[in-house]
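J.: This structure is in structure tokens; I'll ask about it shortly.
The values are calculated or read from the model by the stated rules, or taken from the named source; none is laboratory data. What you are looking at is a predicted structure, and each value in this text was computed from that prediction instead of being measured. Don't worry about glycine lacking a Cβ; one is built from the backbone with ideal geometry, like all the others, and counts go over all protein chains shown.
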């Protein structure tokens with residue numbers, strides 16, 4: 001399942017390539033025909049992610065709410081951004097907007113036009129889900145829908161095709177507020193203090209093991225199986241410890257570390273959870289998931305710190321990886 005950094009990157013793609021454009025909305029598969037009709041012809045004005053869920057706002061007062069779940073993915077084609085540039089779009093747009101005297105499309109510190117040329121979009125194709133897969137440039141635009149496309153968003157320069165989501169629905173502003181209210185804090189949405197306070201106030205009162213609390217999207221948003229295992233190891237925290245027995249300073253440190261890893265994931269497009277690497281080790285880790293994590297997917301292999309074999313157990317139907325020596 002895509003974790004928080006992936007959904008934020010997808011929202012960045014929409015912000016860069018779709019916001020401000022009128023969209024022809026359709027459901028090639030037919031299962032979202034009624035919803036597509038309500039959005040068709042409207043202009044996208046906002047794209048934002050909260051945890052694993054994404055909200056696209058249109059100028060007719062309606063929103064498209066998408067949760068990718070286990071099998072969902074977005075396929076983008078046209079003048080879109082790929083790679084590192086997607087992480088930069090929101091930061092550079094915000095910097096441009098804050099400069100009161102800067103003309104529209106003013107160059108940023110790198111000499112690029114923040115609103116128009118971030119990442120030098122090409123007529124290309126990319127699939128965005130748990131992992132991103134850039135494909136060859138397309139020969140004609142728009143490409144024909146391929147497979148079971150639940151919803152297609154087509155502008156004059158870009159197209160986004162959604163397949164296999166757990167949730168795809170049209171909401172009004174009140175519905176969006178209700179959906180977000182059910183979610184825990186997201187470090188890229190909530191202020192650092194507010195987010196940490198919310199997390200500590202909920203997790204610190206529950207008897208549920210911290211290894212389950214981190215996966216509860218009502219407690220904290222965006223953490224999935226990989227980030228859960230890695231955060232707990234980085235904190236040297238036993239995943240079975242009840243939340244109300246974890247010291248407050250440890251809970252705050254967990255949230256701060258989640259903030260760090262989430263920002264890194266959005267920038268890199270990878271769940272890079274090991275630190276202290278040399279330049280060569282970092283490059284190797286970016287190429288191979290096996291060199292990217294402390295404990296995730298390392299059952300039976302020696303701990304990178306103490307040498308004890310990493311164990312795996314099932315926790316609420318999901319695989320939990322941890323070190324029985326370092327995490328005690």
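J.: Going through the stretch 265-303 one residue at a time, which ones are part of a helix (DSSP H, G or I) and out of contact with any helix residue (DSSP H, G or I) (no Cβ under 8 Å at 6 or more places or on another chain)?
T.: Those that are part of a helix (DSSP H, G or I) and out of contact with any helix residue (DSSP H, G or I) (no Cβ under 8 Å at 6 or more places or on another chain): 279, 280, 282, 283, 287, 289, 290.
J.: Here is a list: 220, 202. Which entry is at pLDDT 95 or above and farther than 15 Å from residue 257 by Cα?
T.: Going through 220, 202 in turn, just one is at pLDDT 95 or above and farther than 15 Å from residue 257 by Cα: 202.
For every residue, the table says whether it meets (1) more than 22 Å from the chain's Cα centre (by Cα); (2) crowded, with 16+ Cβ neighbours inside 10 Å; (3) at pLDDT below 95.
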residue: 241; (1), (2), (3): yes, yes, no
residue: 254; (1), (2), (3): no, yes, no
residue: 257; (1), (2), (3): no, yes, no
residue: 265; (1), (2), (3): no, yes, yes
residue: 269; (1), (2), (3): no, yes, yes
residue: 272; (1), (2), (3): no, yes, yes
residue: 279; (1), (2), (3): yes, no, yes
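J.: What are the residues in the stretch 103-162 that are touching a helix residue (DSSP H, G or I) at 6+ places or on another chain (Cβ under 7 Å), over 30 Å from residue 37 (Cβ atoms) and modelled with pLDDT of 70 or more, if any?
T.: 130 - this is the single residue of the stretch 103-162 that is touching a helix residue (DSSP H, G or I) at 6+ places or on another chain (Cβ under 7 Å), over 30 Å from residue 37 (Cβ atoms) and modelled with pLDDT of 70 or more.
J.: Follow-up question, since we're still on this one. Is there a residue being crowded, with 22+ Cβ neighbours inside 10 Å and modelled with pLDDT of 95 or more anywhere in the stretch 26-38?
T.: Yes - at least one qualifying residue is present in the stretch 26-38.
J.: Then there's this: Only one of these conditions is not met by residue 327: (1) in contact (Cβ under 8 Å) with a residue 24 or more places away in the chain; (2) assigned by TED's automatic domain parsing to the domain that holds residue 205. Which number is it?
T.: Of the numbered conditions (1) in contact (Cβ under 8 Å) with a residue 24 or more places away in the chain; (2) assigned by TED's automatic domain parsing to the domain that holds residue 205, the odd one out for residue 327 is (2).
J.: Right, something else. Any residue at all in the stretch 223-233 that's surrounded by fewer than 17 Cβ atoms within 10 Å (Cβ to Cβ) and not in a helix (DSSP H, G or I)?
T.: The answer is no, given that none of the residues of the stretch 223-233 is surrounded by fewer than 17 Cβ atoms within 10 Å (Cβ to Cβ) and not in a helix (DSSP H, G or I).
J.: A further question on this structure: Scanning the stretch 48-74 for residues that are part of a loop (DSSP other than H, G, I, E, B) and closer than 20 Å to residue 266 by Cα, which turns out modelled with the lowest pLDDT?
T.: Among them, the one singled out is 70.
J.: Scan 172, 156, 197, 137 and give me the residue that is within 27 Å of residue 230 (Cα to Cα), more than 20 Å from the chain's Cα centre (by Cα) and either assigned by TED's automatic domain parsing to the domain that holds residue 50 or surrounded by fewer than 18 Cβ atoms within 10 Å (Cβ to Cβ) (or both).
T.: 197
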